[in-house]
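Inspection log for the structure reproduced underneath, given as structure tokens.
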Amino acid sequence: MENMTWNQQLMKKNNKALVLQIIIEKEPISRSDIAQISGLHKATVSSLVNELLEEELIYESGPGESSGGRRPVILHFNKAAGYAIGIDIGVNYILCVLTDLKGNILIEKNEVVNRTPYPAIKNKVQKMIQSLMDEMPSSRYGIVGIGAGVPGIVDKEGAILLAPNFGWSNIQLKKDLEELYQIPVLVENEANAGAFGEQQFGACQNTDNMVYISAGIGLGAGIIVNKELYRGKDGFSGEMGHMIIEVNGKPCSCGSKGCWEAYASENALLEMAGNPSDTLESLITRVEMQDQTAQQLFETIGHYLGYGINNIINTFNPHQVIIGNRLALAKDWIEQPIRETIEKHTLGFQLNELELVFSKLGKYSTALGVTAFVVENFLKAEEKTL
Ligand SMILES: [Zn+2]
């Protein structure tokens, strides 16, 4: 590359990134198909492909389909060139997954927690990461990064400014994990990560405008506008759990009153149930056994979810609303009241072709969203060194 001008180097870098992108999206694919799709010369494609083969980011396999003439060797993305770790830190659970570079989960670890203070959470997360690292297969690039989704306000540098349901403020999870492992770490709001996970692998891969609602102990939203995650000026968008739906209403963990999450979250459900030993799972068991009180509780939560979703639909005019996180486990009992409320209140124009769906990825939306960010960053960083 020494004899190249800066412009030539840049062009080569971009072309190589383009070739890799085409292989990731279209694999299995031949060199000549890459040339056709990219508009690059066959010789250029061949030399870039050779470099990617050397870097083990792709591999070849035996003759593919021929359209007459010589049968071409086909190329695949090497999804096992490295692995990503995704952590979803909830108020009452921690989920850690190890994925390949295409978002397939190889190993997962689960822990139950309960509004645990940060030092103890950090310890648990560290142990979970360690056991994933001990069990993972060997690979060229090893762990390419760690991503964590948290229910709180995360700034662009990855500091958790506030996580009201944990009682956390100014938590430096990113810095702490980077110091421990010396690999790139990113921290993201869990609803934003969940929206990205659904966009990459889940329920809304073909939707340009979508709102993902993370309904757990708290409520948050991840907003995709024109295919891009909408982050707002400082990255604090989507705090829909704190939109006020009742003036002077119930107190909220954020210090305000009447917030949506005080009425429609898992926390609100447990508060209404009134028995400290109740959990979402125990209430689901009761409703499955036709318990009227439990049924009534889920109906109330569903109606309140519907009111907030009404506000969201009227604001964003999305094509899809996806409901995810733990309350999605109660789909069978909350879906009907949600739909009733929306049909009764939301402007009719908004409901044309609107799809209200539940998460396809279930509890994995956030963990897969952060690993998708990690892999994207890894491939971008690779391009910089090409
Ligand atoms: Zn609030």
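The values are calculated or read from the model by the stated rules, or taken from the named source; none is laboratory data. The structure displayed is predicted, hence computed values, not measured ones. We place every Cβ from the backbone using ideal geometry, glycine too, and count neighbours over all the protein chains shown. Each accessible area value is taken on the protein alone, full model and side chains, heavy atoms only, with ligands, DNA and RNA left out. Shrake-Rupley method; radii C 1.70, N 1.55, O 1.52, S 1.80 Å.
Worth a mention:
- Scope the stretch 179-214; condition within 23 Å of ALA159 (Cα to Cα) and without any contact (Cβ under 8 Å) to a residue 12 or more places away in the chain; matching residues: GLU179, GLN182
- Restricting the stretch 229-238 to residues that are surrounded by 14 or more Cβ atoms within 10 Å (Cβ to Cβ) and not basic (Lys, Arg), the residue that is farthest from the ligand (Cβ to nearest atom): LEU229
- Restricting GLN36, GLN9 to those that are open to solvent by 70 Å² or more (accessible area, probe 1.4 Å) and either assigned to a helix (DSSP H, G or I) or out of contact with any helix residue (DSSP H, G or I) (no Cβ under 7 Å at 6 or more places or on another chain) (or both) reduces the list to GLN36.
- Among the residues of the stretch 301-360, the ones that are of a type in the set (Lys, Arg), without any contact (Cβ under 8 Å) to a residue 60 or more places away in the chain and either closer than 18 Å to ASP208 by Cβ or in contact with a strand residue (DSSP E or B) (Cβ under 7 Å, 6 or more places away or on another chain) (or both) come to 2 in all.
- Taken over the stretch 335-347, the residue count meeting the criterion of being crowded, with 23+ Cβ neighbours inside 10 Å and either charged (D, E, K, R) or under 23 Å from the mean Cα position of the chain (by Cα) (or both) is 0.
- Among the helices (runs of 4 or more DSSP H) confined to the stretch 239-331, the ones with at least 3 residues that are away from the ligand (no atom under 16 Å from the Cβ) and open to solvent by 40 Å² or more (accessible area, probe 1.4 Å) are located at 280-288, 292-316.
- Complete set of residues in the stretch 134-152 that are surrounded by fewer than 22 Cβ atoms within 10 Å (Cβ to Cβ) and either touching a Lys or Arg at 6+ places or on another chain (Cβ under 9 Å) or of a type in the set (Val, Ile, Thr) (or both): ILE143
- Selection status of ILE74, touching a Gly at 6+ places or on another chain (Cβ under 6 Å) and either open to solvent by 10 Å² or more (accessible area, probe 1.4 Å) or at pLDDT 95 or above (or both): yes
- Tally, over the stretch 230-240, of residues that are within 18 Å of the chain's Cα centre (by Cα) and either among the acidic types (Asp, Glu) or within 13 Å of ILE309 (Cα to Cα) (or both): 3
- Residue within the stretch 216-224 that is surrounded by 21 or more Cβ atoms within 10 Å (Cβ to Cβ), among the small types (Gly, Ala, Ser) and more than 16 Å from the chain's Cα centre (by Cα) present: yes
- As a summary of the residue check, THR116 satisfies the conditions (1) over 20 Å from the mean Cα position of the chain (by Cα); (2) open to solvent by 60 Å² or more (accessible area, probe 1.4 Å); (3) at pLDDT below 95 except for the one numbered (2).
- Filter pass, GLU108 being surrounded by 14 or more Cβ atoms within 10 Å (Cβ to Cβ) and part of a loop (DSSP other than H, G, I, E, B): no
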